[in-house]
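Only one structure is covered here, and it is reproduced in the block below.
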Amino acid sequence: MTTRGVTLAALLAALGRPAWWLLALAGFLVRGGVVLFILAIVSLPSPLVVSNIVAPWLVPVVLGRVDPGVLVPVGLAVGLLVIWLLAGGWVAAATEIVLIRSAREAMSDEGLEVAPAVRPGRLLTSRVAAAHLISHIPTALVIGIGSVRIANVAYAELTSPFEVATPLVFRIVGGAAVPIAAIVGVWLLGEVGGGLAARRIVLGGASLLGGLRGAAGDLLRRPIAILAPALGSTLVLAIDLAALLGAVAFVWSQVRERLFDSLPNGGALAVTLLAFGGTWVGALALTGLIDAWRSAAMTFEGERAVVASAVRTGPDPDHGGTFGASPGRRPGDWSTGDRGGSL
């Protein structure tokens, strides 16, 4: 089966298992996705207000002066971020482990051949969470380097902008497009690398370092086959979030107008609230579905690669080197004595 085939098979498997949506959504939210949903219903301040808030903090840094009064809140913010990364990463790792194991069981149920199960060892959740954090060390370095350029652009746009017709966010993104693109690219590679390492740890029983080495080797040996399912589903997720969160923001603006109306119409307000609730729930459900598809696609591709590698190094004579149907599992499978069929 090709990479395109396992990606489609993963989508079909995710569509029929709503429980995966909830698990994937939980992992997505605790790893930072909740911020996106909050921003959809929060009114961002105007550039003038942002300038008044940020300038007292940003100007000393740009000029090379560090005020001790700035270090305390910055240190507190960094501490809270570290706690969130550790706690959220651990919870996300726990949900990911369940998804990986469930995806492997789905492959077996559908007649796709899987590698023999192994014992994953101790501290499984901690090892998976650590694999994701270590995979994002390059991301942290690129953020640290790129943030200098982004801060300089933000400072210039806040203090002496050349034009104010374009929204502030777009001006900052345009002026710092290169570092922002580098951050996004390295972050995506870290996500894929961490996911590959997690699957080697969960399915193959690899150690933390062994999983990371194996993930790096997979990216070097088969970059297209590895990156296509992950990046393709991530692109779909990004488009989905942009569209759905835009819809949530629009409906929420209508709710606010009804709430602050001097003569509110109860019926219109109720309909608007129902529309907002439905849009919000729909956005969460679809996000969970696509994230579950992404997780299953990476698991399916990883298992396909392991089985294909085993066939190349020494095919099992009982299977003949093909993706054999699983005998006796579901009506319509091949008979036990005929295992030469392929999918």
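The values are calculated or read from the model by the stated rules, or taken from the named source; none is laboratory data. If you're wondering where the values come from, they're calculated on a predicted model, not measured in any experiment. Counting neighbours? That spans all protein chains shown, and the Cβs are built from the backbone with ideal geometry, glycine included. Calculation scope for accessible area: heavy atoms of the full protein, side chains included, ligands and nucleic acids excluded. Shrake-Rupley method; radii C 1.70, N 1.55, O 1.52, S 1.80 Å.
Restricting attention to the stretch 257-286, which residues are loosely packed, with under 13 Cβ neighbours inside 10 Å and part of a helix (DSSP H, G or I)?
LEU259, GLY266, GLY267, ALA270, LEU274, GLY277, GLY278, VAL281
Please find, within the stretch 180-206, the residue that is least open to solvent (accessible area, probe 1.4 Å) out of those that are closer than 23 Å to VAL118 by Cα and of a type in the set (D, E, K, R).
ARG199
Search the stretch 223-253 for residues being closer than 13 Å to LEU39 by Cα and among the small types (Gly, Ala, Ser), and hand back the single one that is surrounded by the most Cβ atoms within 10 Å (Cβ to Cβ).
ALA247
Residue-by-condition table, conditions (1) aliphatic (A, V, I, L, M); (2) touching a strand residue (DSSP E or B) at 6+ places or on another chain (Cβ under 8 Å); (3) within 30 Å of LEU141 (Cβ to Cβ):
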site	(1), (2), (3)
THR166	no, no, no
ALA177	yes, no, yes
ILE201	yes, no, yes
ARG221	no, no, yes
LEU231	yes, no, yes
LEU241	yes, no, yes
GLU257	no, no, no
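Any chance the stretch 106-119 includes a residue that's closer than 30 Å to ALA13 by Cβ, assigned to a helix (DSSP H, G or I) and open to solvent by less than 20 Å² (accessible area, probe 1.4 Å)?
Within the stretch 106-119 (the criterion being closer than 30 Å to ALA13 by Cβ, assigned to a helix (DSSP H, G or I) and open to solvent by less than 20 Å² (accessible area, probe 1.4 Å)), the answer is yes, since at least one residue qualifies.
Please go through the stretch 214-239 and give me each residue that is under 19 Å from the mean Cα position of the chain (by Cα) and either outside any helix (DSSP H, G or I) or farther than 23 Å from GLY193 by Cα (or both), ordered by number.
Correct list: empty.
Residue by residue through the stretch 155-179, note down the ones that are touching a helix residue (DSSP H, G or I) at 6+ places or on another chain (Cβ under 6 Å), open to solvent by less than 50 Å² (accessible area, probe 1.4 Å) and over 28 Å from ALA230 (Cα atoms).
Across the stretch 155-179, the qualifying residues are GLU157, LEU158, LEU168, ARG171, ILE172, GLY175.
Might you check whether a residue that is within 26 Å of VAL30 (Cβ to Cβ) and without any contact (Cβ under 8 Å) to a residue 24 or more places away in the chain occurs anywhere in the stretch 256-275?
No, because not a single residue in the stretch 256-275 is within 26 Å of VAL30 (Cβ to Cβ) and without any contact (Cβ under 8 Å) to a residue 24 or more places away in the chain.
Could you count how many residues in the stretch 131-143 are in a helix (DSSP H, G or I), in contact with a helix residue (DSSP H, G or I) (Cβ under 7 Å, 6 or more places away or on another chain) and open to solvent by 30 Å² or more (accessible area, probe 1.4 Å)?
Residues flagged as in a helix (DSSP H, G or I), in contact with a helix residue (DSSP H, G or I) (Cβ under 7 Å, 6 or more places away or on another chain) and open to solvent by 30 Å² or more (accessible area, probe 1.4 Å) within the stretch 131-143 amount to 5.
Of everything in the stretch 149-203 that's of a type in the set (Phe, Trp, Tyr) and within 26 Å of the chain's Cα centre (by Cα), which residue is nearest to ALA296 (Cα to Cα)?
Here the answer is TRP187.
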